[in-house]
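Each remark here refers to the structure printed beneath this line.
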Amino acid sequence: MSIPQEFYPSQEDLPYEEELLRNPSSPKLWWRYLVARTDSPRAKRFTIYERALKALPGSYKLWHAFLRERLELVRPLPVTHREYQKLNNTFERALVTMHKMPRIWVMYLLTLTEQKLVTRTRRTFDRALCSLPATQHDRVWEPYLVFVGQKGVPIETSLRVYRRYLKHDPSHVEDFIEFLVNSGLWQEAAERFFGVLNDDRFCSIKGKTKRRLWLELCDLLTQHADGVSGLNVDAIIRGGIRKSTDEVGRLWIALASYYIRRNLTEKARDVFEEGMTTVGTVRDFSEIFDAYSQFEQIMLLQKMEGEGEGNGEEDEDNDDDKDDRLDVAKIGRKLKRFWLSDDKEVELRMAQIECLSDRRPELANSVLLRQNPHNVEQWRRRVKLFEGNPTKQILTYTEAVRTVDPMKAVGRLHTLWVAFAKLYEDHKDVVNARVIFDKAVQVNYKTVDNLASVWCEWAEMELRHKNFKGALELVRRATAEPSTVVKRRVAADGNEKPVQIKLHKSLWLWAFYVDLEESLGTLESTRAVYERILDLRIATPQILMNYAMLLEEHKYFEDAFKVYERGVKIFKYPHVKDIWVTYLSKFVKRFGKSKLDRARELFEHAVEVTPAESVKPLYLQYAKLEEDYGLAKRAMKVYDQSTREVPPHEKLSMYEIYIARAAEIFGVPRTREIYKQAIESGLPDKDVKTMCMKYVELEKSLGEIDRARRVFIYASQFADPRSDPDIWNKWREFEVNHGNEDTFGEMLRIKRSVSASYSRTHFILPEYLMQKDKQPNLDEAMEALKKAGVPEDEMAALEKQLLPDTSNTATKDSNRKVVGFVSAEVKSQTEGGLKVAANHEDIELPEESDSEDDERVDVAQKDVPSAVFGGLVRKREEGDNGDDRAATKDTDDGGHIGALERIKRQRRGAMV
């Protein structure tokens with residue numbers, strides 16, 4: 001056989017061939033030779049590979065490279081090409097020496113899988129598993145499972161391969177189950193599922209939980225009920241129901257579906273009913289109920305369709321000959337239709353669906369009660385479901401009071417007992433209602449108020465049936481204190497004291513008892529009940545006031561006042577506030593002026609013990625007493641005391657009341673002192689400005705322009721011209737109307753000074769030191785300035801500015817005089833704490849002013865406002881209207897003329 005010329009070595013190959021002749025067993029020389037001939041034809045390269053592998057049959061590198069090139073050659077070719085056979089032969093020759101190399105086996109197995117050679121591929125996989133060690137079997141099993149999962153591979157072959165694989169790695173049983181499900185082998189899939197769920201050591205490699213596996217098994221059993229046998233499906237699903245908590249409804253539906261597929265419809269209904277009566281969540285109940293309703297509707301539709309087909313068959317039977325009626329098979333079919341296709345069955349099915357819909361609220365309520373059987377509200381809703389059926393309501397109430405534990409009850413348990421008794425009462429069975437109440441008062445409720453409510457409801461039932469004596473006896477029995485023997489027995493038990501031991505101190509029960517005694521008893525019995533409440537120390541301010549009002553209605557005023565006095569001793573603020581107000585009002589209304597000293601003592605004691613936040617109404621009431629029955633000076637003293645006792649935020653309103661009353665009683669001039677006192681009393685800055693403006697209006701109304709200007713000067717130190725321009729605008733308007741050039745200029749100078757002071761202070765001092773309603777702390781300010789690095793001289797100047805001003809001196813040039821204007825020099829004077837603007841320069845008048853030829857100027861006189869004199873002067877005038885003649889006579893006789901008479905004569909002369 002001749003060798004083609006192209007296979008002979010060329011001139012370029014001679015160096016490599018010579019080296020190989022010298023050392024044919026060197027893999028580096030062969031590999032260098034192959035790399036150098038990369039671009040050569042494949043046939044020549046394959047020849048070199050064959051020569052190299054003949055010389056080095058154990059070289060993995062050469063075999064792997066040779067096989068890769070062979071694979072690349074056949075990849076674009078169809079699997080029926082002859083090159084595939086050459087490739088397979090090459091793999092077989094390679095495995096003679098490379099049978100321990102898993103990579104060669106994997107390449108060969110994947111190639112055979114693509115060629116669809118089932119038998120040869122299976123046998124090669126088996127050879128690979130036999131040749132390779134067990135630690136490398138995983139690399140073979142992965143393509144092996146892919147191979148057996150392909151179409152065309154016999155199911156039996158795949159099953160045997162998977163079973164062998166599970167012996168190697170049992171953790172992949174889920175893959176086997178998935179394969180069985182996809183292959184339609186339901187029986188073995190169910191058995192494998194069952195084995196997995198019973199294995200406590202099983203851990204899913206796919207992250208599936210036992211619950212999910214249970215659900216998959218249930219779906220398999222229910223959807224393929226006919227394909228699974230030998231397993232107790234009912235027990236399996238019920239076991240899942242017991243273990244699962246959040247998919248119970250779905251499992252019940254799965255069990256019912258299993259029986260439906262097995263044509264056991266009645267058993268399916270039983271399963272639905274059992275599921276609805278055992279689930280513990282509303283979601284599961286809704287799922288089961290909806291599935292049950294859908295099942296019944298489908299069965300009804302099938303029945304209706306079956307009847308239509310049955311009627312057609314009957315028509316066909318009627319058309320048959322008479323002799324055909326003797327046919328046994330036909331008679332059997334007719335009998336079957338007669339018994340199973342009753343005309344009333346459709347109506348029965350519809351009635352079942354309606355009954356199921358009507359039962360839904362009751363079944364849903366049962367679910368909620370299974371969640372918490374001690375829920376009182378759910379029991380009451382259950383009773384309402386049976387409205388119109390007293391028997392079922394009584395049975396429900398009985399079950400409820402037996403089931404609910406008083407210590408675990410959610411809601412008010414006593415309302416359940418009361419409603420139970422009310423049910424008997426509504427049906428005119430008072431005897432049994434009393435029996436229910438008698439049992440109810442023996443229950444150990446959580447709180448005493450619950451037991452007291454039961455007693456009160458029992459007594460009200462007796463009142464509704466006109467048994468007044470019985471109602472009183474019930475309340476007396478309830479409020480009776482337990483005997484010593486009972487107390488000792490309860491203490492010996494060591495458990496928590498029942499509420500029956502504490503019932504005699506129930507305020508609710510005693511309040512009801514008092515109402516009954518007031519309505520049905522006598523005054524003595526009612527007083528005894530009130531006294532008993534006070535002795536037990538459970539009285540409230542309202543009960544005490546009711547007691548006092550009862551005594552007042554029966555004209556026991558002193559006893560009522562004693563009750564009030566007991567109340568103000570028992571209670572503290574804020575509870576005693578209403579008692580004090582009522583007590584003082586009643587006392588003043590009752591005695592008026594007759595017991596003024598005692599009333600004053602009561603008011604003094606009241607304002608002494610009352611906190612500042614609540615004392616204002618008492619001071620107003622005290623001042624009203626003095627105005628009506630006492631002395632005006634004492635009333636002013638009370639107002640003055642109140643301005644010092646009330647809290648800061650109420651001082652302004654109290655001073656306004658004080659000023660108004662003083663102006664009405666003593667006249668407007670008396671209010672000057674009060675204004676000064678208010679301004680200097682430590683009011684907040686905003687209230688000081690308000691008071692100053694009112695003071696200015698007062699002085700302007702009285703024509704005191706200089707006084708008003710001094711008040712403006714004092715108020716200016718509290719108002720920053722940039723943030724609070726109201727005072728400065730009013731001052732400007734005041735100077736325009738009543739001032740002159742000097743006073744207006746002085747106002748502008750003070751405005752600039754105040755503005756500069758606020759600017760420097762706010763720029764240097766921290767913000768927290770310059771709050772409007774607080775006086776800056778000089779020590780803190782100086783410390784802050786030192787930290788800021790301000791020199792000592794500047795600090796001293798700032799300290800001088802921050803000190804409270806005792807004088808507001810504004811010196812002008814004394815040589816500056818303007819003809820026709822009076823100098824308005826401002827000097828440092830104080831009058832009652834206010835900065836005073838004084839003018840002590842003599843006014844130089846022209847000499848012509850003393851001439852007798854000057855015209856006489858008539859000065860108009862203005863009436864003095866009546867508000868100046870006050871209410872006391874007006875009262876005195878009213879008493880002296882008829883005494884003018886006597887006063888004139890006394891004057892003619894040389895008697896002393898009083899100030900009032902002089903004022904009256906001046907007014908009459910002015911009018912003339």
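The values are calculated or read from the model by the stated rules, or taken from the named source; none is laboratory data. Here the structure is a predicted model, which means the values were calculated and not measured. Using ideal geometry, Cβ is built from the backbone for each residue, glycine included, and neighbour counts are taken over all protein chains shown. Side chains included, ligands, DNA and RNA excluded: accessible areas come from the protein's heavy atoms. Shrake-Rupley method; radii C 1.70, N 1.55, O 1.52, S 1.80 Å.
For residue 175, only one of the following conditions fails: (1) touching a Leu at 6+ places or on another chain (Cβ under 8 Å); (2) closer than 30 Å to residue 76 by Cα; (3) open to solvent by 20 Å² or more (accessible area, probe 1.4 Å). What is its number? Condition (2) is where residue 175 drops out. Residues in segment 139-166 that are of a type in the set (A, V, I, L, M, F, W, C) and either under 20 Å from residue 129 (Cα atoms) or under 53 Å from the mean Cα position of the chain (by Cα) (or both): 140, 141, 145, 146, 147, 148, 153, 159, 161, 166.
Within segment 185-199, the set of residues being farther than 17 Å from residue 169 by Cα and open to solvent by 20 Å² or more (accessible area, probe 1.4 Å) comprises 185, 186, 187, 188, 191, 194, 198. Considering every residue within segment 36-49, establish whether at least one is open to solvent by less than 70 Å² (accessible area, probe 1.4 Å) and under 30 Å from residue 119 (Cα atoms). Yes, segment 36-49 contains a residue that is open to solvent by less than 70 Å² (accessible area, probe 1.4 Å) and under 30 Å from residue 119 (Cα atoms). Selection within segment 519-567: residues that are charged (D, E, K, R) and under 22 Å from residue 449 (Cα atoms). The member of this set that is least open to solvent (accessible area, probe 1.4 Å) is 531.
Taken together, the residues in segment 445-469 that are open to solvent by 60 Å² or more (accessible area, probe 1.4 Å) and under 42 Å from the mean Cα position of the chain (by Cα) amount to 5. Out of curiosity, is residue 235 among the small types (Gly, Ala, Ser) and touching a Ser or Thr at 6+ places or on another chain (Cβ under 7 Å)? Taking the combined requirement at face value, the residue does not satisfy it.
Filtering segment 597-622 to residues that are surrounded by fewer than 16 Cβ atoms within 10 Å (Cβ to Cβ) and either over 51 Å from the mean Cα position of the chain (by Cα) or touching a residue at least 60 places away in the same chain (Cβ under 8 Å) (or both) leaves 597, 598, 601. Of all the residues in segment 200-236, those that are within 47 Å of the chain's Cα centre (by Cα) and either part of a loop (DSSP other than H, G, I, E, B) or more than 19 Å from residue 248 (Cα to Cα) (or both) number 10. For residue 169, are the conditions met, namely being surrounded by fewer than 15 Cβ atoms within 10 Å (Cβ to Cβ), closer than 28 Å to residue 98 by Cα, under 58 Å from the mean Cα position of the chain (by Cα) and of a type outside the set (Phe, Trp, Tyr)? Judged against the criteria, residue 169 is a match. Give me a count of the residues in segment 268-281 that are within 12 Å of residue 248 (Cβ to Cβ), open to solvent by 30 Å² or more (accessible area, probe 1.4 Å) and not in a loop (DSSP other than H, G, I, E, B). Qualifying residue count, segment 268-281: 1.
Listed here are the residues, each with its yes/no results for (1) open to solvent by 20 Å² or more (accessible area, probe 1.4 Å); (2) part of a helix (DSSP H, G or I).
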residue: 355; (1), (2): yes, yes
residue: 365; (1), (2): no, yes
residue: 380; (1), (2): yes, yes
residue: 384; (1), (2): yes, yes
residue: 394; (1), (2): yes, yes
residue: 398; (1), (2): yes, yes
residue: 408; (1), (2): yes, no
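Taking residue 583 and the conditions (1) surrounded by fewer than 17 Cβ atoms within 10 Å (Cβ to Cβ); (2) under 30 Å from residue 630 (Cβ atoms), which numbered condition does it fall short on, given that it satisfies the others? That leaves (1) as the condition not met. So, residue 625, is that one open to solvent by 20 Å² or more (accessible area, probe 1.4 Å), closer than 30 Å to residue 585 by Cβ and either in a helix (DSSP H, G or I) or in contact with a helix residue (DSSP H, G or I) (Cβ under 7 Å, 6 or more places away or on another chain) (or both) or not? When the stated conditions are applied, residue 625 does not pass them. When we screen 119, 90, 80, 124 for residues that are surrounded by fewer than 20 Cβ atoms within 10 Å (Cβ to Cβ) and in a helix (DSSP H, G or I), the only hit is 119.
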